[in-house]
Structures are given as structure tokens and as C-alpha cells.
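Rule-based calculations on the coordinates, nothing more; no lab input. Bear in mind that the values here come from a model prediction, so they are computed numbers and not experimental data. We place every Cβ from the backbone using ideal geometry, glycine too, and count neighbours over all the protein chains shown.
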Amino acid sequence: QVQLVESGGGLVQPGGSLRLSCAASGSAFSLYAMGWYLQAPGNQRELVASITSGGTTNYADSVQGRFIVSRDNAKNTVYLQMNSLKPEDTAVYYCNAAGVPRLLGSEYGYWGQGTQVTVSS
């Protein structure tokens, strides 16, 4: 069982930055693939970025070059550095953990409660 708690969301102006954190419980954090997903009102949840246990990263085209996903296994935490934010980045951001990368986003992983990010002037 893994529990995930996101933090770091908030209101930011276009062009600004935020760093989201996801703290995980349990001793096997380093073995999990981790993902960040967003869900805007009326839309389905979609992948923003992921990082494997080995550190391989993957990004949605919409955030490539603006967002950076990283992990600190000593702190059981995964981060999402969000730069050059746009109004269309506004959504609830969720952290996801899965035993293998192909299960990210599925019902077989673990989810946090989400943190709201609002980009507006």
C-alpha cells in the first residue's frame, strides 16, 4: 500500500513557475514508476510527465521544454517543476505510483488527492 500526498499548487500568473511535490509513504518508493497527471474541468485525466525507477523521463508534448519531473528516493518524493506556465495549464494535478511504467494511469496504481494549479492574471 502506498499513500501519496501532493502539495505546491496555487495561483500563479502566466509565465510564472510552481514546483509540485508528491510525498509517498512506504519503503519501496524507489522501485515505483511515478507520474504526474492533470485533469481540467470536463476533461479526462491525462499524463503530464513520468519518471521510472531508473530515472527515465517522459513528457507530454504540451509541456516538453517547460516542465521537469524528478525524484528524490531518499525523501520518498517526486517533483514537478513547472515553468513558463500558461492559462491552459490550469487543472488539478495528481500524483500516480505504479509498480511498472505500463500501469501508470491505470486502476492498478496509487493516486494522490490532487492539488489545484491555476494560471491566471
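Using a Gaussian network model of the chain whose springs link C-alpha atoms within less than 10 Å, name the residue from Tyr79, Tyr37, Tyr108 with the highest mean-square fluctuation.
Maximum among the listed residues: Tyr108.
Could you check the spin-label model distance between Ala40 and Glu107? Points 7 Å from the Cα along Cα→Cβ, value in nm.
For Ala40 paired with Glu107, the spin-label model returns 2.8 nm.
Assuming R0 = 35 Å, can you tell me the calculated FRET efficiency for the pair Leu31 and Ser84, based on Cβ-Cβ distance, to the nearest 0.05?
It comes out at approximately 0.60.
To the nearest 20 debye, what charge dipole does the chain have about its Cα centre, counting +1 at the Cβ of each Lys and Arg and -1 at the Cβ of each Asp and Glu?
180
Quick one: length gained pulling Ser7 to Thr57 fully straight, 0.36 nm per residue minus the C-alpha distance?
15.9 nm
Between Val100 and Ile68, what is the label-to-label distance in nm when each label sits 7 Å out along the Cα-to-Cβ direction?
With each label point 7 Å from Cα toward Cβ, the separation is 3.2 nm.
Applying 1/(1 + (r/R0)^6) with R0 = 35 Å to the Cβ-Cβ distance of Lys75 and Ser121, what FRET efficiency is obtained, to the nearest 0.05?
The pair Lys75/Ser121 has a calculated efficiency of 0.55.
Can you give the local net charge around Tyr79? Use residues other than it whose beta-carbon is closer than 11 angstrom to its beta-carbon, Lys and Arg +1, Asp and Glu -1.
+1
Going by Cα centres, the stretch 82-105 and the stretch 106-121 are how many Å apart?
7
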